[in-house]
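Just below is one structure, and these are the notes that go with it.
The numbers here are math on the coordinates, done by the rules we state, and not lab data. Remember, predicted model here, so these are calculated numbers, not experimental data. Quick reminder, even Gly has a Cβ in these numbers, built from the backbone with ideal geometry, and neighbours come from all protein chains shown.
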Amino acid sequence: MSAYERHIFVCQNARPDGAPRPSCTTDGKSELLTQLQQLSRAAGLGRQIRINKAGCLDQCEHGPVVVIYPETVWYGHVQAEDAAAIVQQHLVGNQPVERLRLAPECINTAACPHRG
């Protein structure tokens, strides 16, 4: 098997009620992951990409979060209905979905104004 062209991580982290930071899912599952997997297979990308569940990606205030490598594109507040745009526009068309992208100043930094 050849290497994947892209690797997609979908946060499935669930925190207990009352946690100081929000969860990407309430139960560690999401329709988003399923939609991305199904739509990417339907687009013929099954052998070119790998979509995985991820634990905490430390972008809790922006969840649900999806990150795509090797481009290092971070998406936030992604819902199942956004999966088609990610697959068609980004994975097939090679154009990130700008309306879902996280601001660079919010990725991997405590300075993000959205962090609590």
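With +1 on each Lys and Arg Cβ and -1 on each Asp and Glu Cβ, how big is the dipole of the chain about its Cα centre, in debye rounded to the nearest 20? List each step's numbers first, then the result.
Details: 11 positive and 11 negative charges, 58 e Å.
Once rounded to the nearest 20, the dipole reads 280 debye.
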What share of the DSSP beta bridges in the chain is antiparallel, in percent to the nearest 5?
-> 55 percent
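Loop only per DSSP, at most 16 neighbouring Cβ atoms within 10 Å: give me the trypsin sites (Lys or Arg not before Pro) in the stretch 75-116, ordered by residue number. Don't skip to the end; give the middle numbers.
Working: sites: R99, R101, R115; in loops: R115.
Sites meeting the loop and neighbour criteria: R115.
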Quick one: go through the stretch 49-89 and flag any residue whose amide nitrogen is under 16 Å from the point 7 Å out along the Cα-to-Cβ line of K29.
-> 53-54, 80
C-alpha long axis of helix 31-42 to longest principal axis of the chain, angle in ° = 10 degrees
What helix-only [θ] at 222 nm does the chain give? Using -39500 (n - 2.57) per DSSP H run of at least 4, over all residues, to the nearest 500, the answer is -3000 deg cm²/dmol
